[in-house]
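So the structure is just underneath, and the comments pick up after that.
The values are calculated or read from the model by the stated rules, or taken from the named source; none is laboratory data. Values in this document were obtained by computation on a predicted structure and should not be read as measured data. Glycine also receives a Cβ, built like all others from the backbone with ideal geometry; neighbour counts cover every protein chain displayed.
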Amino acid sequence: MEAFLPLISFAFVSSITPGPNNIMLTSSGIWFGFQRSVPHMLGITFGFGVLLALCAFGIGGLVIAVPELVLLLKALGSAYLLYLAWQLRGMRVSGAASEAGRPMSFWAAAVFQFANPKAWVMAVTGASAFMPMLHNHPVWLAILLYCLVFCAINLPCVSVWAGAGAVLRRYLERPLWRTAFAATMILLTIYSALAIWF
């Protein structure tokens, strides 16, 4: 049990703090509402769970050790975030949440975790810090417990961001506020794309 308290704390702090997933979920909550963002949230947690398992098996360390793969992950993550910023620009210009637009799907959100540098840092750091604490269990059980605990904390944390977006949606009926908020989200998304390289 003493191994789980630090893991829960780490999972909470790393999952609740701003990052690409949380910025995208806030935008999704605003433009599409909480309910339509649920597949996006579940996809994040599922994809991240797979990434956690791979890192716990040691594959994450190998990926991080290959500079070319790290560079590719950064490039893919940045490109996708810049694409999202462009999409937000389109919503800002249109002046309303596009009913024709669609929130990110379960599988797209799951796959994005493999191009999300924050997710990689969380997964590699978590595996290296907490897997040794679970050494009393068989390896498969330790990995399963590690992933289940982390994902059980991650899902409510990312849901908070989508919920916050859904609440903000009610206050963004006025075009001026909507435009100002969209501009803020665009800048934060661009910042996230650039921060990957710092």
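Observations on the model:
- Listed by first and then second residue, the pairs with beta-carbon distance under 7 Å, at least 6 apart or on different chains, first residue in region 138-165 and closer than 14 Å to ALA56 by Cα and of a type in the set (Lys, Arg), second modelled with pLDDT under 95 and crowded, with 21+ Cβ neighbours inside 10 Å, form an empty list.
- Residue that is farther than 30 Å from ALA129 by Cβ and touching a helix residue (DSSP H, G or I) at 6+ places or on another chain (Cβ under 6 Å), where the choices are ALA162, ALA180, ALA166, ALA193: ALA166
- Of all residues in region 35-63, those satisfying the criterion of being more than 15 Å from TYR146 (Cβ to Cβ), among the hydrophobic types (A, V, I, L, M, F, W, C) and at pLDDT 95 or above are VAL38, MET41, LEU42, ILE44, PHE46.
- Residues located in region 156-165, provided they are surrounded by 17 or more Cβ atoms within 10 Å (Cβ to Cβ) and either over 15 Å from ILE23 (Cβ atoms) or touching a Pro at 6+ places or on another chain (Cβ under 9 Å) (or both): TRP161
- Among residues of region 13-33 that are modelled with pLDDT of 90 or more, those with a Cβ under 7 angstrom from a residue that is not in a helix (DSSP H, G or I), sequence gap 6+ or separate chain, pair up as ASN21/ASN116.
- Considering region 96-191, the qualifying helices (runs of 4 or more DSSP H), each wholly inside and each with 3 or more residues that are among the β-branched types (Val, Ile, Thr), run over 117-130, 139-171.
- Test: residue in region 82-103 that is at pLDDT 75 or above, among the small types (Gly, Ala, Ser) and buried (at least 16 other Cβ atoms within 10 Å of the Cβ): yes
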